[in-house]
Amino acid sequence: MTDRRPERLEALRRGIAEAKLDALVVSSLPNIRYLTGFSGSSALVLVTADAVVFLSDSRYQVQSRDEIGDLARIVIEGGGMWERLKKLLPDHPGVSRIGYEAHHLTAREAERLAAAEPAFSGTANLVETLREVKSPEEVAAIREAGTIATDALAVATAQVRAGQTEFEVAALLESALRRGGSEWYAFPTIIASGPRSALPHAHTSGRMIEPGDFLLIDFGAVLNGYCSDVTRTFVVGAPATPEQRAVYVLVQEAQQAAFSGLRAGLSGREGDALARHVITEGGHGEHFGHSLGHGLGLEVHEAPRLAKTVDQPLPAGAVVTVEPGIYLEGWGGVRIEDDVLLDEKGAELLTEYERDLVRL
């Protein structure tokens, strides 16, 4: 497999120079994994024009060597990492303008850095911007995470019945994910039934699923650190009513319109409008409150976004979700979500599972 870390570090160095900085301290763990391969829970990385310094603690002495290799100078010592970092700065003469990831620190931490000598200055999204465009290896990991997810969904839904609780359905699904090879869950699994399916980010509950309920399942698998994100809505224990079927078909048509029209180069606003127009024309515009989608990778929510507030163009090589929904308070809701890879010609589907309304 191609080692992309050196080219990622060089791209970051160009961004550091354009920001008129000498170095960047990376504290976001997904960004650290992207740059170095380290998958632990505690680290800082200093990137200068000619060096990479990795700091962590004794828990990761062996793991950091295995995952990082000779890419960076590895410093494993006791004490606070920021204080250790400051003590190492004299080893890098000429480094006086140092950036930090302001969006990943508390206000208190940022105040301390601003008062330090040399002074640190806040930056935003220097690494996240690089992460928007996925390498072939990243796409392959997301695609396989999608396969693990949809395979697990097939296993779990074959066992779903009216009378079970949402917790029981979550247990079936999460067990199938782990048995299928998922490293963890991309986010807390959402199982929402009946009127609760109208809550776009419902917490799974002990509610018992009744015959005729909608059952919305939103979840993801993780492989090599990369996430998938899939949602399907089912009807349980009884045929769908005409109203249920009409709402479902409208969401299905909106997603298909997005599949047909999405491509790199559109703005996030234009991408969102592809599906939003269908739902609005169908009389449910006010019931589609969230954006059409978001970037997907080492985090389940990352750049770019498909939203009516985003004017930036969608880059070729981005992986995004396509997840239109309609939510009617007190009645229920429908969302259908898949993951796609964008290029100038269109959107390549990375997740494949039945999109017609299925009765369980």
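The values are calculated or read from the model by the stated rules, or taken from the named source; none is laboratory data. No experiment lies behind these values; they were computed from the predicted model shown. For neighbour counting, all protein chains shown are included, and Cβ atoms are generated from backbone atoms with ideal geometry for every residue, glycine included. The area values use the complete protein model at the heavy-atom level, side chains included, leaving out ligands, DNA and RNA. Shrake-Rupley method; radii C 1.70, N 1.55, O 1.52, S 1.80 Å.
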Filter result for Gly122 (closer than 30 Å to Ile32 by Cβ and either over 18 Å from the mean Cα position of the chain (by Cα) or part of a loop (DSSP other than H, G, I, E, B) (or both)): yes
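How many of the residues making up segment 280-312 are outside any strand (DSSP E or B), under 28 Å from Ala221 (Cβ atoms) and in contact (Cβ under 8 Å) with a residue 12 or more places away in the chain?
Matching residues across segment 280-312 total 12.
Here is a yes/no grid of residues against (1) within 20 Å of the chain's Cα centre (by Cα); (2) under 24 Å from Thr147 (Cα atoms):
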| residue | (1), (2) |
| --- | --- |
| Thr241 | no, no |
| Leu262 | yes, yes |
| Leu292 | yes, yes |
| Leu314 | yes, no |
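Do the conditions hold for Gly297, that is, is it of a type outside the set (D, E, K, R), within 27 Å of Ser28 (Cα to Cα) and modelled with pLDDT of 95 or more? Steps first, please.
Numbers: of a type outside the set (D, E, K, R): yes; within 27 Å of Ser28 (Cα to Cα): yes; modelled with pLDDT of 95 or more: yes.
Here the answer is yes, as Gly297 does meet what is asked.
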Single unsatisfied condition, Gln159 versus (1) closer than 28 Å to Asn224 by Cβ; (2) without any contact (Cβ under 8 Å) to a residue 40 or more places away in the chain: (1)
Top-ranked residue in segment 313-334 [being aliphatic (A, V, I, L, M) and assigned to a loop (DSSP other than H, G, I, E, B); ranked as surrounded by the most Cβ atoms within 10 Å (Cβ to Cβ)]: Leu314
Residues satisfying the stated conditions in segment 151-183, i.e. within 17 Å of Arg355 (Cα to Cα) and open to solvent by 10 Å² or more (accessible area, probe 1.4 Å): Asp151, Ala154, Val155, Thr157, Ala158
Identity of the residue in segment 191-223, β-branched (Val, Ile, Thr) and within 18 Å of Thr351 (Cα to Cα), that ends up surrounded by the fewest Cβ atoms within 10 Å (Cβ to Cβ): Val222
Which numbered condition Gly37 fails, given (1) buried (at least 17 other Cβ atoms within 10 Å of the Cβ); (2) touching a strand residue (DSSP E or B) at 6+ places or on another chain (Cβ under 7 Å): (2)
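Okay, residues lined up against (1) over 28 Å from the mean Cα position of the chain (by Cα); (2) surrounded by 20 or more Cβ atoms within 10 Å (Cβ to Cβ); (3) aromatic (Phe, Trp, Tyr):
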| residue | (1), (2), (3) |
| --- | --- |
| Val26 | no, yes, no |
| Val45 | no, yes, no |
| Ser58 | yes, no, no |
| Arg65 | no, no, no |
| Gly78 | yes, no, no |
| Lys87 | yes, no, no |
| Ser96 | yes, no, no |
| Tyr100 | no, yes, yes |
